[in-house]
Amino acid sequence: MRSPPLDRALVTRLAHNGRAPYQALAHDLGVSLSTAKRRLEQLTRRGLLRFRCDFARPLGGWPVSVTLWARVPPADLPEIGHALIQLPETRNCAALTGPHNLVLQASLHSVSDVLRLETHLATAHPSLDIVDRVITLRQDKLLGHLLDPQGRSVGVIPPDLWAEPAV
């Protein structure tokens, strides 16, 4: 998909400051206020942009991340998926194709919480079979932001939504 240069510049600018006011965006991009607002609203409406607020997880008491891959009977995926997204630890939960058809990413207070989480999942959802896990003790990059050891953003690698996928 091709994009106008303005859209690429707008996305890059927002990667550095997602809270930039329309006036600042218009000034930085050399366009009118109404043009900046209209392009941003169109990108958001088309689903190319979403805004979210994140925090320095280690400073917030969630220094450990775990990614769990699981096998779930297809008929149970909707119910289990909805239950997993309700957990306070859940950062992301998605159904996948293939033999490992569910992935759960969670933020935890400690490495010992991995066993607690797995035990809870096994008890609450007997048909969920955890087949693999990866524990992350430190993230150097998250959602396009370079992070310091405390999880604070120290730099940005803006995404290129229109780049061809790497093979």
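The values are calculated or read from the model by the stated rules, or taken from the named source; none is laboratory data. Note that the structure is a prediction, hence the values are computed from the model and not measured. As a convention, Cβ positions derive from the backbone with ideal geometry for all residues, glycine included, and neighbour counts pool all protein chains shown. The protein model used for the area step is the full one, side chains on, heavy atoms only, and it has no ligands, DNA or RNA in it. Shrake-Rupley method; radii C 1.70, N 1.55, O 1.52, S 1.80 Å.
Listed values, structure above:
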read-out: Residue that is surrounded by the most Cβ atoms within 10 Å (Cβ to Cβ), among those in the range 26-51 that are of a type in the set (Lys, Arg) and farther than 18 Å from PRO159 by Cβ; value: LYS37
read-out: Residues being in contact (Cβ under 8 Å) with a residue 12 or more places away in the chain and basic (Lys, Arg) - total across the range 109-137; value: 1
read-out: Residue within the range 37-44 that is of a type in the set (Asp, Glu) and under 30 Å from THR136 (Cα atoms) present; value: no
read-out: Residue check for GLU164: open to solvent by 90 Å² or more (accessible area, probe 1.4 Å) and either among the charged types (D, E, K, R) or assigned to a strand (DSSP E or B) (or both); value: yes
read-out: Any hit, the range 77-88, residues being at pLDDT 95 or above, within 25 Å of ASP54 (Cβ to Cβ) and in contact with a Lys or Arg (Cβ under 6 Å, 6 or more places away or on another chain); value: no
read-out: Test set (1) at pLDDT 95 or above; (2) hydrophobic (A, V, I, L, M, F, W, C); (3) touching a strand residue (DSSP E or B) at 6+ places or on another chain (Cβ under 9 Å); (4) buried (at least 17 other Cβ atoms within 10 Å of the Cβ) - VAL103 fails condition number; value: (4)
read-out: Looking only at the range 107-135, and only at residues there that are surrounded by 15 or more Cβ atoms within 10 Å (Cβ to Cβ) and not acidic (Asp, Glu), the one that is farthest from the chain's Cα centre (by Cα); value: HIS125
read-out: Any hit, the range 77-95, residues being more than 15 Å from the chain's Cα centre (by Cα), charged (D, E, K, R) and under 26 Å from ALA15 (Cα atoms); value: no
read-out: Hits in the range 120-153 (condition: aliphatic (A, V, I, L, M) and in a strand (DSSP E or B)); value: ILE130, VAL131, VAL134, ILE135, LEU142, LEU146, LEU147
read-out: The range 62-73, subset open to solvent by 20 Å² or more (accessible area, probe 1.4 Å) and in contact with a strand residue (DSSP E or B) (Cβ under 9 Å, 6 or more places away or on another chain), residue farthest from ARG152 (Cα to Cα); value: ARG71
read-out: Within the range 74-100, considering residues that are farther than 16 Å from HIS120 by Cβ and among the polar types (S, T, N, Q), the one surrounded by the most Cβ atoms within 10 Å (Cβ to Cβ); value: ASN92
read-out: Criterion (under 30 Å from ARG13 (Cα atoms) and in contact with an Asp or Glu (Cβ under 7 Å, 6 or more places away or on another chain)) met by exactly one of LEU59, LEU117, LEU48, LEU43; value: LEU43
